[in-house]
Amino acid sequence: METLRFVFTSSFYPPYHLGGDANHVKYLAEELAKRGHEVHVLHSLDAYKIKRGRIQAKPSSSSVITHTIETTFSTSAYAAYIFGRSRPVARRFHAIVKEVRPEVVHHHNVSLLGYDILGKQGNYLNMYTAHDYWLICPHGNLLRDGSRVCEEASCILCGLNSKRPPQLWRYQVGFERAIKDIDILICPSNYAKERISRRLGIKAITIPNFVPEPPNSIAFSGHSNFLLFVGLLEGHKGVLQLIDAYTEFGRELDSKLIIVGTGSLRGKIEDSIRKNHVSDRVIQLGWVDRGFLYQLLHDASVLVIPSVWPENAPLVSMEALSVGTPVVGTSRGGLPEIVSKVGEQLVFSWEREADLVRAISFSIDKNDELREKAQLAYREHFSANGYLTSYEEIVRNQSVS
């Protein structure tokens, strides 16, 4: 494909990020740059400061050109959330489009940039990847009351119950027009595609996410015979439920549980470990660097993703598969589309008693066989080459109005 100019938009971009959606943006931007394309990324330090409260990380060198939004008191991010738009972001985006003259603008998580940049500002292919459900859900996770998957659209009431200001702009014509300007919606899972396209009626396709090849050499982590959780320590990730369940079955499996991640629940997790008297078997490591994370993923018997929200396509599941570690995950959202590539028995439901221990026991009993299947699933479904082949075909064939 001929080289093109791309502009990506994302509230977060590494190293100023929280979760896997921003990692995907970085992976895709750098893969395109490797192929000779010119790639620009607009992201928000304001959004990061709101979530983290301070700036410590420093950007690494890259062939990707980054453009940063930073205002006094992080006003751009607050405005984007409350009013759906931010003048500093809009001005910066318009200036980049005018200067770069991109053939493709690809939006990602714009929740703290504002919906108005979804509206076309020129004759380019306008794409959006739904890393979560923000287009149809103010919280982005399709959860009601913190645990029940939402099947209705009572967003104002849900927002008030969660003590967040209502996003009245979602019901205005400007938001609807901006969404209609999206030429193509990419969803990493069929589940997300069905939920979002059904509500919005826009063209959508499924391309599973990817992760880069793992390191060629992975050292021993220092841990063995353990289950692994990796993710934000927040309620929708199901980590507290995992600890409670592990308290019941952990000794039967003779496996420790290692928890990796940071978040608002860290103190509650420590309390739960003490209350359940499992401090000798549950290890909370906090944040770890990428090198050590791959060591843990490689050495784990299984990666457990116990989310109560309908996960879309968590990158850590693909990273585990890339090093041959099977994944046990809930039956909600798009997660079964990943987990079942190795074995349908690895999918469990929180609604079925003892279903989690059944899935984990199966993964341990069949570990050697499942490790081979895990690496095969990665190569066939979640590698960079597979993703880029589909992505470049869309860009090449999609007409621009």
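Picking from Y27, Y81, which residue would you name as being in a helix (DSSP H, G or I), closer than 21 Å to A178 by Cα, in contact (Cβ under 8 Å) with a residue 60 or more places away in the chain and aromatic (F, W, Y)?
Step by step, each of Y27, Y81 is checked, and only Y81 is in a helix (DSSP H, G or I), closer than 21 Å to A178 by Cα, in contact (Cβ under 8 Å) with a residue 60 or more places away in the chain and aromatic (F, W, Y).
Only one of these conditions is not met by G238: (1) closer than 30 Å to I179 by Cβ; (2) over 15 Å from the mean Cα position of the chain (by Cα); (3) buried (at least 18 other Cβ atoms within 10 Å of the Cβ). Which number is it?
(1)
Looking only at residues that are in a helix (DSSP H, G or I) and in contact (Cβ under 8 Å) with a residue 24 or more places away in the chain in segment 194-224, which one is surrounded by the fewest Cβ atoms within 10 Å (Cβ to Cβ)?
Restricting attention to segment 194-224, the residues satisfying the condition of being in a helix (DSSP H, G or I) are 194-200.
Restricting the remaining residues to those that are in contact (Cβ under 8 Å) with a residue 24 or more places away in the chain gives 195-196, 199-200.
On the way: R195: 25, I196: 23, R199: 13, L200: 17.
Among them, the one singled out is R199.
Name the single residue, out of those in segment 241-264 being among the acidic types (D, E) and modelled with pLDDT under 90, that is surrounded by the most Cβ atoms within 10 Å (Cβ to Cβ). Break it down into steps so the answer makes sense when it comes.
Quick first cut of segment 241-264, residues among the acidic types (D, E) only: 244, 248, 252, 254.
Next cut, modelled with pLDDT under 90 only: 248, 252, 254.
Working: E248: 12, E252: 10, D254: 9.
Top of the filtered list is E248.
Pick out the one residue from V316, V347 that is free of Cβ contacts under 8 Å to residues at least 24 places away in the same chain, crowded, with 16+ Cβ neighbours inside 10 Å and within 30 Å of W134 (Cβ to Cβ). Reasoning before the result, please.
Working: V316 fails: free of Cβ contacts under 8 Å to residues at least 24 places away in the same chain.
Checking each option against the conditions leaves just V347.
Restricting to segment 131-188, what's the tally of residues that are at pLDDT 70 or above and more than 28 Å from E351 (Cβ to Cβ)?
22
Conditions tested, residue by residue: (1) closer than 20 Å to V211 by Cβ; (2) part of a helix (DSSP H, G or I); (3) free of Cβ contacts under 8 Å to residues at least 24 places away in the same chain.
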{"site": "Q284", "(1), (2), (3)": "no, no, no"}
{"site": "V288", "(1), (2), (3)": "yes, no, no"}
{"site": "S307", "(1), (2), (3)": "yes, no, no"}
{"site": "T325", "(1), (2), (3)": "yes, no, no"}
{"site": "V328", "(1), (2), (3)": "yes, no, no"}
{"site": "R332", "(1), (2), (3)": "no, no, no"}
{"site": "F362", "(1), (2), (3)": "no, yes, yes"}
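Could you check how many residues of segment 350-383 are crowded, with 17+ Cβ neighbours inside 10 Å, out of contact with any Ser or Thr (no Cβ under 7 Å at 6 or more places or on another chain) and among the aliphatic types (A, V, I, L, M)?
The number of residues fulfilling the criteria is 5.
Look through S74, S44 and report the one residue that is in the same structural domain as W134 (by TED's automatic domain parsing), on the phi > 0 side of the Ramachandran plot, in contact with a strand residue (DSSP E or B) (Cβ under 9 Å, 6 or more places away or on another chain) and modelled with pLDDT of 85 or more.
Values: S44 fails: on the phi > 0 side of the Ramachandran plot.
Answer to the selection: S74.
Of all residues in segment 382-401, count the ones that are touching a helix residue (DSSP H, G or I) at 6+ places or on another chain (Cβ under 8 Å) and not hydroxyl-bearing (S, T, Y).
Within segment 382-401, residues that are touching a helix residue (DSSP H, G or I) at 6+ places or on another chain (Cβ under 8 Å) and not hydroxyl-bearing (S, T, Y) number 4.
The values are calculated or read from the model by the stated rules, or taken from the named source; none is laboratory data. Given the structure is predicted, the values throughout are model-derived calculations rather than measurements. Backbone-built Cβ (ideal geometry, glycine too); neighbour counts: all protein chains shown.
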